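First up is the structure itself, then whatever we jot down about it.
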Amino acid sequence: MIHFIWNRFTRFVDIISQTHTYNTHVSRLITVSAMAAATVLSLIYHRINPAGTANIALIYILTVILISYHTDKYRYGILAAICSVFFINLFTYPFFVFNFAVSGYPLTFLFMYFISILTSATTFRLKEQARRIKDDEDLIMEAEKEKLRANLLRAVSHDLRTPLTSIIGASSSYLDNEETLSAEEKRRLVSQISEDADWLLHMVENLLSVTRITDSGANTLKKNPEVMEEVLLDAISTIRKRYPSMQIHMSLPDELLIVPMDPLLIKQVIMNLLENAYFHAHSQKPVECFLRSSAESASVHIRDYGIGIPKEHTDDIFDAAPSSPSSASDTRKGMGIGLSICKAIINAHGGSIHAVSHPDGAEFYFTLPKEELHHESDGQNPRH
C-alpha cells in the first residue's frame, strides 16, 4: 500500500512539474527524505506508545512545516500535507490499514487535512515574505550605492578638475617663460605643482577606497580589534608630517578603547576630517582632537575654531555635493569627496558620522560600535 501511495505521489509531482531543474530535484529529495524520516520516527513511537496517535500527528505536522520551509515550490508542502493525513491513518485503529469508516475519523481527517494545508501555506508565505524583505533591503542598499556614485561623479568634476587646471597652468607658465623666470618664481611654480599632485593622489586614494566599499559591501571589510588611540595617533602623526604648520591638540581617555575596524580606512577618515579642518575651517586656534566612550561605542571628535558650518549645509555636508567655496583655498581643494568618503567608510563599519556647529566653529565626529571585552582588564595607567 505504501508503495502504491508513493508511486501516485511521484507521478503527480511529475505531472505538475513543467521543468526538472536542480532545485526541483533537491525539493523532491527533501520531501521524500523528510516524509520517510517522519514515518520511521512514527513507527518507533507507535511501538513505544500505541495509543499516541495525537503525538504522531504532531510529528507529521512538524514535517510539513520543514518541507514547506526548505523547498522552493508551494506544491511540495501541499503534497506533504495530503500524504501526512493518509499516513496518520495508518497509526489509528485498526493499525496499518486504511480505514476511513471508523466513527469520527472522517471529521478528524478533515481537521488534519485543513490544519496541514494551513500550516504549509503559512510557512511558505512566511518564507516568501522573508525573501521579499531581503530583496527590498538589497534594492535599498543598491540605491544607496548608486546615489553615492552619482554624488561622487558630481564632486569629481569640482574637486579634481580645479587642481588639474592649476597643474596645467603652472606647468605651462614654467615652460613658456623658463628663460625669464627667476629661481624663486620657478620654485614657487614647481611647489604649487607638487602640492596639487599630492592632493590629487590623496583624492584618488579616497576614490579607490570608497569604490572598494561600494562594490564589495561592508561584509568584505577586514575588521580586527584595534586600539583606537593608536589609530588616532598614527593619523595625527601623518598629518603633521604632511602639513607641518598645522597645530593639533590631543586628549586621550584613561581607558583603553578597543574597536573592531579596518585601521587603514579609519585612519583615512581621521585624516580627511583633519584636512577639512586645516583647509576649510580657517581655525584661529589649534584643532582639538579627542576621544569619547560609552558602553556601546567609541567616538572620535575633531573640533575647529573657524568659520563654522552654515545651517543649510549641516544635513547634506556628507553627500558629496560640492559647496560654494568660501576662499581661494576652497576653490582648489573642495571638501565634497573627502566627507562623502568618510560617511561611506563609517557606514560600512556600522557606525555614524555627524557635523555640528558651536559658537566658535564646527565639530565633526564619528562613532563606531565598541568590541565587548570578555575579560576583566587590568589596572591601566592614565595617559596624557
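Here are some notes:
- A cut-off of 5 Å between modelled amide H atoms, ignoring neighbours fewer than 5 places along the same chain, links Phe318 with no other residue.
- Under the simplified labelling scheme, the Asp198-Leu41 pair shows an inter-label distance of 6.9 nm, with each label point 7 Å from Cα along Cα→Cβ.
- The Cβ shell under 10 Å around Lys285 holds other residues with a net charge of -2, Lys and Arg each +1, Asp and Glu each -1.
- Summed over the residues of the stretch 224-309 and divided among them, the accessible surface reaches 43 Å² per residue at a probe radius of 1.4 Å.
- Here the Karplus curve 6.51 cos²θ - 1.76 cosθ + 1.60, taken at θ = phi - 60°, turns the phi angles of the stretch 291-308 into couplings of 10, 10, 9, 10, 5, 9, 8, 10, 10, 10, 10, 10, 10, 10, 10, x, 7, x Hz, with x standing for Gly and Pro.
- Residues of the stretch 277-306 with amide N under 20 Å of a point placed 7 Å along Cα→Cβ from Arg240: 277-279, 283-292, 300-305
- Computed over protein heavy atoms with a 1.4 Å probe, the carbon and sulfur contribution to the accessible area of the stretch 36-91 reaches 74%.
- Extending 7 Å from Cα along the Cβ direction at Lys222 and again at Leu139 yields two label points whose distance is 3.6 nm.
- Relative contact order for the stretch 227-284: 51 percent, from Cα pairs under 8 Å spaced at least 6 residues apart, divided by residue count.
- Residues whose amide H comes within less than 5 Å of that of Ser297, counting only those at least five positions distant or on another chain, are Lys370 (H built at 1.01 Å from N in the peptide plane).
- Full extension of the chain between Ser171 and Glu230 gives 17.2 nm of extra length, using 0.36 nm per residue less the Cα-Cα distance.
- Volume in Å³ per residue [convex hull over Cα atoms, computed for the stretch 254-315]: 122 Å³
- Karplus-based coupling profile of the stretch 340-354, in residue order and whole Hz: 5, 5, 4, 5, 4, 5, 5, 4, 5, 8, x, x, 9, 10, 9, with θ = phi - 60° in 6.51 cos²θ - 1.76 cosθ + 1.60 and x standing for Gly or Pro.
- For Asn55 and Leu208, the difference between the fully extended length at 0.36 nm per residue and the C-alpha to C-alpha distance is 49.0 nm.
- Over 31 Å (Cα to Cα) - which of Lys267/Lys311; Lys134/Lys370; Lys285/Lys343; Lys223/Lys285; Lys134/Lys223 fall in this group: Lys223/Lys285
The values are calculated or read from the model by the stated rules, or taken from the named source; none is laboratory data. The model shown is predicted, which means the values in this text are computed figures rather than measured ones. Methodologically, a virtual Cβ is constructed for each residue, glycine included, from the backbone with ideal geometry; neighbour enumeration extends over all protein chains shown. Just so you know, the surface numbers come from the protein's heavy atoms only, side chains and all, with ligands and any DNA or RNA stripped out. Shrake-Rupley method; radii C 1.70, N 1.55, O 1.52, S 1.80 Å.
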